[in-house]
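A short worksheet on the structure shown next.
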Amino acid sequence: MDYFLTEEQSMIVDIARQITDEQIIPKRAELDEKDEFPREILESMGQADLFGVPIPEEYGGFGGGCFDIVLALEQLGRGCIGVATAFAASALGIYPIMISGSEEMKQKYLPSVAAGKKFAAFGLTEANAGSDASGIQTTATLDGDEWVINGTKQWITNGGEAQIYTVVAITDRSKGARGASMFVVEEGDPGFTCGPKEKKMGIRASSTTELIFKDCRIPKDRLIGRLGTGFITVMKTLDSSRPGIAALGLGIGQACIDEATSYAKQRIQFDKPIIGFQAIQHILADMAIQLEASRALVYASAKHIDAHPKDMSKVSSMCKVMATDMAMKVSTDAVQVMGGYGYMREYPVEKMMRDAKILQIYEGTNQVQRNVIGQELNKEYSRK
Ligand code: COS
């Protein structure tokens, strides 16, 4: 379907498509097999200015909005969710600075990320604080002119590979969600280390580690925004980033339809290509319907979010749920259409199915998204 993209939006799609086709697709199986971080590919993305898409022009970026980043991520996701996650996590890591950081902080950190010279990461989740994000235990205490951070973050994408980490910590436990604050921690700060790389089911090209803070000392001015606004910044960050996860779901959906349809056209059983059987046609038809419906919602949501609406949380969660549940369903169906071959590593759909699963889990499980949507509906209908 034609979404009548502007010249600039078509250019973003073309750049991301070219990197996906020429660099990501040929290497994705090897990166997955070896658990290898795609540094070279990310550097190419930096040279092609893709990291600058969501960053304002005054800090060296393209000044794009939610729809622009969605378009880029959809293409990258078509190639490999592991590579695309490493890219997306860098954007996630700088959203808190873009949303709540001071002018000095933006000038200090955004240009190098826009140029792809530095990567960022976002440190929220802990062993006992996943869906219950305000249950974090990591603390930050002011000591003279320095913050002292103690605690451990878990499952942090780009851990050990990023140079800039935006981290949430409790600064006043008595204030609940209003007692959390966000900080920038840099690679090499004293008392800050990353754990070993986790072994994952999918997105194996991306790095996932713990962030370990043992009396980690950082300058006072690394506080992002005002004291006690950390949880709000986290929620606003996730509202901004979740459509990007939805876009990765679109990428998987498209890739699975491409693979399964091409396969069904050349696979001969009972003396004819299996695409000639209605049983296969119906599976492919449902895959196509679900993908196009998801794409329409994700694009509409991203455009809506670019107008800075009040109901951003609901829209962001709705498109995340729909497109990532679609990716899981469609990738499972692609494996089914391709039968035994689909289950083998020789074909890419088994990896797409493994990769799709994380989309329903990270940046807020799809159950949490439904809670957010339900709560927003409750508020809307209380006002009517
Ligand atoms: N934008 C701005 N402010 C928000 C907000 C949003 N989207 N969502 C909540 N807030 C504010 C609330 O208004 C409230 O402020 P007050 O203290 O002034 O009342 C505060 O934040 C706490 O909100 P709430 O009570 O709704 O928080 P909960 O602890 O109940 O948590 C959920 C709500 C479950 C939605 C939240 O914890 C969440 O999103 N969890 C999933 C986290 C996640 O995505 N983790 C994945 C890892 S990150 S890659």
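The values are calculated or read from the model by the stated rules, or taken from the named source; none is laboratory data. Keep in mind it's a predicted model, so treat the numbers as computed, not measured. All Cβ positions, glycine included, derive from the backbone under ideal geometry; neighbour counts span all protein chains shown. For accessibility, only protein heavy atoms count, side chains too; no ligands or nucleic acids. Shrake-Rupley method; radii C 1.70, N 1.55, O 1.52, S 1.80 Å.
Here are a few things to note about the model shown:
- The helices (runs of 4 or more DSSP H) located wholly in segment 1-63 that include 3 or more residues which are over 25 Å from Arg204 (Cα atoms), open to solvent by 60 Å² or more (accessible area, probe 1.4 Å) and not basic (Lys, Arg) occupy 7-19.
- Candidate set: segment 357-367, residues that are open to solvent by 20 Å² or more (accessible area, probe 1.4 Å) and farther than 18 Å from Ile156 by Cβ; chosen: the one farthest from the ligand (Cβ to nearest atom): Lys357
- Residue in segment 141-157 that is closer than 19 Å to Thr229 by Cβ, modelled with pLDDT of 95 or more, away from the ligand (no atom under 16 Å from the Cβ) and acidic (Asp, Glu) present: no
- Per-region count, segment 22-43, residues of a type in the set (Asp, Glu) and under 23 Å from Gly64 (Cα atoms): 1
- Residue list for segment 338-356, filter: out of contact with any Ser or Thr (no Cβ under 7 Å at 6 or more places or on another chain) and open to solvent by 10 Å² or more (accessible area, probe 1.4 Å): Gly339, Gly340, Tyr341, Tyr343, Met344, Arg345, Glu346, Tyr347, Pro348, Glu350, Lys351, Arg354
- Contacts under 6 angstrom Cβ, first residue in segment 217-238 being open to solvent by 30 Å² or more (accessible area, probe 1.4 Å) and modelled with pLDDT of 95 or more, partner near the ligand (Cβ under 8 Å from one of its atoms) and hydroxyl-bearing (Ser, Thr, Tyr), 6 or more apart: Phe231/Ser134
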